[in-house]
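To start, the structure under review is shown below, and the notes come after it.
The values are calculated or read from the model by the stated rules, or taken from the named source; none is laboratory data. Predicted model only: the values in this text are computed from it and were never measured. A quick note on method: Cβ atoms are made from the backbone with ideal geometry, for glycine too, and the neighbour counts reach across all protein chains shown.
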Amino acid sequence: MDLLRSLPIGLYLENPFTWLHRLDPRVKLAWLLSFLLAPILSTPEWRLVLVGLLMILTLISQIPLRVWKQQTGWLLILTLLILIITTLSPDGLAVSSQPRLPESDLSLPQPGDYSYVLVDKGILFITRRSLELGIRISTLIFILIYSINLYLLTTAPEEITAGLDELFSPLRRF
């Protein structure tokens, strides 16, 4: 329980006051929504690009290294653990298929160098599907948690409230 209390997730960083702090909270909210919605139907490559963009955004925002390590340390461990477990677990596809062609046609070499199984060394069995699933899940969790955390780290609660109040001001007419 003390570990959860010591994690600085969702805390506002007052000092140093960076360029990311100076941005309008509505702009940051739009960026947050784009980071939250982008990974839904994207490919694993695009999700890795989004993780890289979040890291670059953090580095150029000049957030102190001690805060950055506190914010991302446990999250990186969690997402790497999820990646490893998901990649090493079975992908749910049964490979025990029955041949449907005559025996003479089965001995022909397959075109290209495609292989569904990437690694098969004893208990280490990684397929293309399990690797893609591991990348999808771990990057999704990282993007969701870290983008919200970066937003809360650089936006004061009063600014969030004022920004949402201005965004919803057209609803006052009804």
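Given the conditions (1) closer than 21 Å to D91 by Cα; (2) touching a residue at least 12 places away in the same chain (Cβ under 8 Å), which single one is not true for V119?
(2)
Go through segment 84-174 and tell me which helices (runs of 4 or more DSSP H), entirely inside it, have 3 or more residues that are within 30 Å of I63 (Cβ to Cβ) and at pLDDT 90 or above. Steps first, please.
On the way: elements: 103-106, 128-154, 157-167.
By residue number, 128-154, 157-167.
Just the residues that are over 23 Å from I160 (Cα atoms), hydrophobic (A, V, I, L, M, F, W, C) and either surrounded by 12 or more Cβ atoms within 10 Å (Cβ to Cβ) or touching a Ser or Thr at 6+ places or on another chain (Cβ under 6 Å) (or both), please, taken from segment 29-52. Before you say what the answer is, go through the steps one by one.
Of the residues in segment 29-52, the ones over 23 Å from I160 (Cα atoms) are 39-52.
With the extra rule that they be hydrophobic (A, V, I, L, M, F, W, C), the set shrinks to 40-41, 46, 48-51.
Those that are over 23 Å from I160 (Cα atoms), hydrophobic (A, V, I, L, M, F, W, C) and either surrounded by 12 or more Cβ atoms within 10 Å (Cβ to Cβ) or touching a Ser or Thr at 6+ places or on another chain (Cβ under 6 Å) (or both): W46, L48, V49, L50, V51.
Of all residues in segment 39-75, how many are at negative phi and in contact (Cβ under 8 Å) with a residue 40 or more places away in the chain? Even if it seems obvious, please write down each step before you answer.
In the first step, residues of segment 39-75 are kept if they are at negative phi; the result is 39-61, 63-75.
Restricting the remaining residues to those that are in contact (Cβ under 8 Å) with a residue 40 or more places away in the chain gives 39, 44, 47-48, 50-51, 54, 57-58, 61, 63-64, 67, 70-72, 74-75.
Going through segment 39-75 one residue at a time, the tally reaches 18.
If only one of L76, L29, L41 is modelled with pLDDT under 90 and among the aliphatic types (A, V, I, L, M), which one is it? So that I can check it myself, show each step before the final result.
Details: L76 fails: modelled with pLDDT under 90; L29 fails: modelled with pLDDT under 90.
Going through L76, L29, L41 in turn, the sole match is L41.
What do you reckon, is I160 under 26 Å from the mean Cα position of the chain (by Cα), farther than 26 Å from W46 by Cα and surrounded by 14 or more Cβ atoms within 10 Å (Cβ to Cβ)?
Values: under 26 Å from the mean Cα position of the chain (by Cα): yes; farther than 26 Å from W46 by Cα: yes; surrounded by 14 or more Cβ atoms within 10 Å (Cβ to Cβ): yes.
For I160, the condition - under 26 Å from the mean Cα position of the chain (by Cα), farther than 26 Å from W46 by Cα and surrounded by 14 or more Cβ atoms within 10 Å (Cβ to Cβ) - is met.
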